[in-house]
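Take a look at the structure set out below.
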Amino acid sequence: MSDAAGLSAEIRELAAERGAVILAHNYQRAEVQDVADFVGDSLGLSRQAAATDAGTIVFAGVHFMAETAKILAPDKTVLLPEPRAGCPMADMITGPALASWRSAHPGVPVVTYVNSSAAVKAESDVCVTSANAVAVVRALGAERILFAPDRNLGSWVARSLPDVDVQLWDGWCPTHDEVTVEQVRAARAEHPDALVMAHPECRPPVVDLADAVLSTSQMLVFAAENPAEEFIVVTEAGLLHGLRRAAPDKRYFELAPGMLCPNMKITTLTKVRDCLALGSGEVFVDAEVRPRALLAVERMVAIG
Ligand code: CIZ
Ligand code: SF4
């Protein structure tokens, strides 16, 4: 048995002993996705966390995702296998910084990307994901909003809804923000029949080159349902594994160089095994913060 197969078998045994469910984000390493019970985007996985009968959730992803699971499933034990797995974009804003931005704009709704800490969600009126940001902001019916922390997703919302004045916080995802127009053009020149699917965390000039602007969960559906046979995938490279599982007969191409989020990749099978064996990496959300953060997430779910 290979090391990976041996570790995966050990993980499945430990998960059964502990009564744990393993959730893996779409950007995780292929072998971590393969050992999980569910693979998906952050909100989909947090909903799985709330719905499962298991008392323990191992969340193979980054810290804000495990926190979101804990917000939705407060009575369950949520474990993050690699506690150093953070998100630089989520760290670009704090609860107090958002509170002071909002107090400078009384009455203007605060719309926050789920890629944010619980403390930041707690200062928000409503959360959004990359899959529903445009729909949620449209449904708000506001003339003006404050959008945090991703300036690129916020720009996509602004360009999709020209009647809404979207004020942007200056945050970004390093993995997506670094993609250049030249990289996308080079991939198109090499694969002229392929459709370009780009994530809205990319900069506006990159998004403008795409055939479709989609979240990870939307890319999986789009590639499976679209008659095209080839796709250029402009998001974190972990999604290619999911695409190849969802629609294996099609061909998927990365940009060169590939897009990698180091925080997503530090979770390994060994870390998942150790976390299950030791019960380590438990994630907590402050009791005062949780109900307010939950309200912002629930408003999104009700609207979008
Ligand atoms: O919400 C998520 O899971 C992220 C980070 C990306 C996406 O588009 O699904
Ligand atoms: Fe954060 Fe970007 Fe990594 Fe997602 S891909 S966890 S937004 S740094």
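Values for this structure:
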| item | result |
| --- | --- |
| Nearest-0.05 FRET efficiency for residue 303 and residue 226, computed from C-beta distance (R0 30 Å) | 0.65 |
| Cα-projected label distance for residue 286 with residue 178, points at 7 Å along beta-carbon direction, nm | 3.2 |
| Pairwise centroid distance, computed over Cα atoms, of the range 173-251 with the range 1-80, Å | 26 |
| Positive-end residue of 63, 124, 77, charge dipole of the range 40-148 with Cβ unit charges | 124 |
| Under 5 Å, built H, 5+ apart or other chain: amide partners of residue 171 | 151 |
| For residue 29, net neighbour charge (Lys/Arg +1, Asp/Glu -1) across residues whose Cβ lies under 12 Å away | -2 |
| Antiparallel bridges, percent of DSSP beta bridges restricted to the chain (to nearest 5) | 5 |
| Scaled radius of gyration (Cα, divided by 2.2 N^0.38 Å) that the range 180-258 gives | 0.97 |
| Unit charges at the beta carbon, dipole of the chain: most positive-side option, 101, 280, 242 | 101 |
| Summed side-chain charge close to residue 17 - residues other than residue 17 whose Cβ falls under 13 Å, Lys, Arg +1, Asp, Glu -1 | +1 |
| Candidates 83, 257, 200: whichever shows maximal mean-square fluctuation once the chain is modelled as a Gaussian network with Cα springs under 10 Å | 257 |
| Computed FRET value (nearest 0.05) for residue 143 with residue 94, which takes r as the C-beta separation and R₀ as 30 Å | 0.65 |
| Surface/4 of the Cα convex hull for the chain, nm² | 15.7 |
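Here, each number is a calculation from the coordinates, and none is a lab measurement. As the structure is a computational prediction, the values presented were derived from the model and not from experiment. No Cβ is skipped: glycine too gets one built from the backbone with ideal geometry, and neighbour counts run over all protein chains shown.
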